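Chemist: Got a structure for you, questions after.
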């Protein structure tokens, strides 16, 4: 039997990402961290992140950081929950 939230929100992956960000509202994550922690395939995650970003639920910004094993700074895209999203309170109530 399908998860009712998956039917309502379009896909299981989108529900996983919504829950992931709603339970970690003040943290920022790289794409790789999100895929690993939400247990999603990269291709699916990319599609769903794009949809959530277009909807305004999450935001992204570039951060310069030194990656392990590297000496130069690299630009890395970080994603976080958009705290200015109009329906954030309703989503948090619904999912939590």
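Chemist: I'm trying to understand the selection: among the residues of segment 65-79, which are part of a strand (DSSP E or B) and more than 16 Å from residue 54 (Cβ to Cβ)? Step through it out loud before you land on a result.
Modeler: We begin by selecting, within segment 65-79, every residue part of a strand (DSSP E or B); these are 65-66, 73-79.
Once the filter is applied, which keeps residues that are part of a strand (DSSP E or B) and more than 16 Å from residue 54 (Cβ to Cβ), segment 65-79 yields 65, 66, 73, 74, 75, 76, 78.
Chemist: How many residues does segment 24-46 hold that are closer than 21 Å to residue 94 by Cα and over 11 Å from the mean Cα position of the chain (by Cα)? Spell out how you get there, then give the answer.
Modeler: The initial filter retains those residues of segment 24-46 that are closer than 21 Å to residue 94 by Cα, namely 24-27, 38.
Still in the list and also over 11 Å from the mean Cα position of the chain (by Cα): 26.
The qualifying residues number 1.
Chemist: Something else: Working only within segment 47-64, note down all residues that are surrounded by 11 or more Cβ atoms within 10 Å (Cβ to Cβ) and either over 13 Å from the mean Cα position of the chain (by Cα) or at positive phi (or both).
Modeler: 56, 63
Chemist: For segment 37-50, enumerate the residues that are farther than 20 Å from residue 75 by Cβ and either outside any loop (DSSP other than H, G, I, E, B) or in contact with a strand residue (DSSP E or B) (Cβ under 8 Å, 6 or more places away or on another chain) (or both).
Modeler: Going residue by residue through segment 37-50, those that are farther than 20 Å from residue 75 by Cβ are 37-41, 43-44, 47-48.
Listed by number, the residues that qualify are 37, 38, 43, 44, 47, 48.
Conditions (1) exposed (fewer than 13 other Cβ atoms within 10 Å of the Cβ); (2) at pLDDT below 90, marked per residue:
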{"site": "45", "(1), (2)": "no, no"}
{"site": "66", "(1), (2)": "yes, yes"}
{"site": "79", "(1), (2)": "no, no"}
{"site": "82", "(1), (2)": "no, no"}
{"site": "95", "(1), (2)": "no, yes"}
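The values are calculated or read from the model by the stated rules, or taken from the named source; none is laboratory data. Just so it is clear, the model here is predicted, and its values are computed rather than measured. Every residue, glycine as well, gets a Cβ built from its backbone with ideal geometry; the counts of neighbours run over all protein chains shown.
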